[in-house]
Amino acid sequence: MSLDHFDIEILAILQEGNLTRQRTIGEQVNLSAAAVNRRIKRMEADGVIRQCSQFVS
């Protein structure tokens, strides 16, 4: 799978906070929430995103 600039931007946002709403991500990368959702699901299916974790300190 090749990642385009939207995918890379989405991944960067998710790395900062994986609970960021898809609507908010969409606003930041100029995509609809539905498009962000499709891209995240595709990256999960392709193994680009393998798990979501949060650390408590």
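The values are calculated or read from the model by the stated rules, or taken from the named source; none is laboratory data. Just so it is clear, the structure is predicted and the values come from calculations on it, not from any experiment. Cβ coordinates were reconstructed from backbone atoms using ideal geometry, including for glycine residues, and neighbour counts include every protein chain displayed. Accessible surface is based on the protein model in full, side chains and every heavy atom, while ligands, DNA and RNA are left aside. Shrake-Rupley method; radii C 1.70, N 1.55, O 1.52, S 1.80 Å.
Mean separation of Cα pairs under 8 Å and 6 or more residues apart, divided by the residue count, gives the chain a relative contact order of 28 percent. Give me the percent of accessible area attributable to carbon and sulfur for the chain, probe 1.4 angstrom. Carbon with sulfur: 48 percent of the solvent-accessible area.
Restricting the chain to trypsin sites (Lys or Arg not before Pro) that sit in a DSSP loop and have at most 15 other Cβ atoms within 10 Å of their own Cβ leaves Arg21, Arg50. Max-minus-min Cα coordinates of the chain on each principal axis give 33, 24, 16 Å, with the largest extent listed first.
Each Lys and Arg Cβ is given +1 and each Asp and Glu Cβ -1; about its Cα centre, the chain then shows a dipole of about 240 debye.
Relative to the current alpha-carbon distance between Arg42 and Leu11, full extension at 0.36 nm per residue lengthens the span by 9.9 nm. Per residue, the accessible area of the chain comes to 76 Å² when a 1.4 Å probe rolls over the protein heavy atoms.
Calculated [222 nm] ellipticity per residue, helices only, for the chain: -17500 deg cm²/dmol; basis is -39500 (n - 2.57) per DSSP H run with n ≥ 4, divided by all residues, nearest 500.
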